[in-house]
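Everything on this sheet refers to the single structure shown next.
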Amino acid sequence: MSGAACSIFVSLLGTPNRRHVSASIALVRTFALGCSFSPTSHRTTSYASRASIADAPTSISSSASNGYPKYTRLLPCPLENGPPRVEHLVVTETSRVLDYICKVLDLPQLFVADLIHFGAVYYALVCPKPPPTATPEQIRLFKEVTAPSVLKKRSSLKGKTVREAQKTFRITHVNEFVESGTYLRVHVHPKRFPRCYEIDWKSRIIAVTESYVVLDKPAGTSVGGTTDNIEESCATFTSRALGLSEPLKTTHQIDNCTEGCVVLARTKEYCSVFHGKIREKKVKKLYLALTTSPLPLGIVTHYMRPVNIAPRLVSKDFVEGWYLCQLEVLDCKEVSWPSALAEEQYSVDNCGWPSRQVAYECKINLLTSRTHQIRTQLAACSAPIVGDSMYIPAVMAEKSNPELNPFVE
């Protein structure tokens, strides 16, 4: 990748058990549905000075009398994710962060230590503003701990604006101390990736150099982790497979349910180099998508609403402040719809799509990089990806009621 340009071949959805190689990067054409597509879970959070009422229990262990599960350790990894539980706390006494969370949330030390190791605990020196749904008591607490007379007494805030002090950071060690007035956010039920423990990671490594590693990313995994789980990621497991003393760093992302090539940097310097190549349009990203309907060849343009919530919303017309989304359909050929055996093997949900005799294998050049861009744009073209349970239902609803398209304004 030292030349003027490079190509990344990523398989979004294709046909199984065929491999093509271009330069040092392989294109793996397999179903990218090791995990099923599903809508983002609704997340209900609370805001209090101690344990707050959160979403619901998850199947971590046997049920406890307080309605939450009996927490022990984050490992072994559960096969399914439970409902999210996020706790928002205001520290009332200076303490070691591990001890404080254990005391306030009534959680065992080993479990909280696991949460910190997974990157599921955050802090800010000053509480952020409560959401509009906050209760009068929560608003009262916020005003109390952020009163100017209170903030002036905190030496840790010297030289910082309130906005700067409200910025959140990960807690990285169990022995870190938090002072009174500090805000804590604890993701008690981090999103899990059981697929990480099923993979022979060494067999997925395509190239290793002094600057970077090229990985054939398996479907059902995260490239660099999520907000609440940086442990179960391609970067972490690949680093361990190679026995590296310094963890690999992400240079770009592809969706969790996507399978294909990713470049992981071995140094911060190469991260900057690779990002420069992306900015200069020297990186070409090619995808294979198995779609439910044919697509015309050429460039497809939409504008995506700048809201970080799935499913994404796009418009065919320019909207001020919305992100430009462009992809180029290079090829589109008719293929057989996945067999019942393939659907079962790769957990493909046909979502009740009415015509399942043929599908279409489309080669796509991604010209801009937005989250869910290909999935959203193809859905907006009435050609969603086979098995995409987040976007297919919306397309089917639009077909039954053409006046209402949930993805195009």
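Overview of results
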read-out	value
Carbon + sulfur, % of accessible area of the stretch 308-409 - ligands and nucleic acids excluded, 1.4 Å	48
Long pairs among 103/158; 217/281; 191/282; 129/158; 191/281; 70/143, criterion Cα-Cα beyond 26 Å	103/158; 191/282; 191/281; 70/143
Å² of accessible area per residue within the stretch 132-209, as computed with a 1.4 Å probe and no ligands counted	63
The stretch 372-386 - phi-based ³J(HN,Hα) in whole Hz, Karplus 6.51/-1.76/1.60, Gly and Pro as x	6, 4, 4, 4, 6, 5, 5, 5, 5, 8, 6, 9, x, 6, 4
Global geometry of the stretch 237-372, whether rounded, prolate or oblate, following the gyration tensor of its Cα atoms and the 1.5 cut on a/c	oblate
Reachable aspartates and glutamates, given that their alpha-carbon falls under 14 Å from the alpha-carbon of residue 277 and they are not under 8 places away in the same chain	269
Relative contact order (%) - criterion: Cα under 8 Å, at least six apart; region: the stretch 153-280	21
Spatially proximal aspartates and glutamates relative to residue 153 (Cα-Cα < 13 Å; intrachain offsets below 8 disregarded)	179
Accessible surface, per residue, of the stretch 241-397 when the full set of protein chains is kept, probe 1.4 Å, Å²	46
Amide H partners (placed H, <5 Å) of residue 177, local residues excluded	97
Accessible surface of the stretch 85-230 [probe 1.4 Å, protein heavy atoms]: carbon and sulfur percent	55
Reach of residue 333 by Cα under 13 Å, taken over aspartates and glutamates that are not fewer than 8 positions away in the same chain	361
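The values are calculated or read from the model by the stated rules, or taken from the named source; none is laboratory data. Quick caveat, the model's predicted, so the values are computed rather than measured. Areas reflect the complete protein model, heavy atoms only, side chains present, ligands, DNA and RNA absent. Shrake-Rupley method; radii C 1.70, N 1.55, O 1.52, S 1.80 Å.
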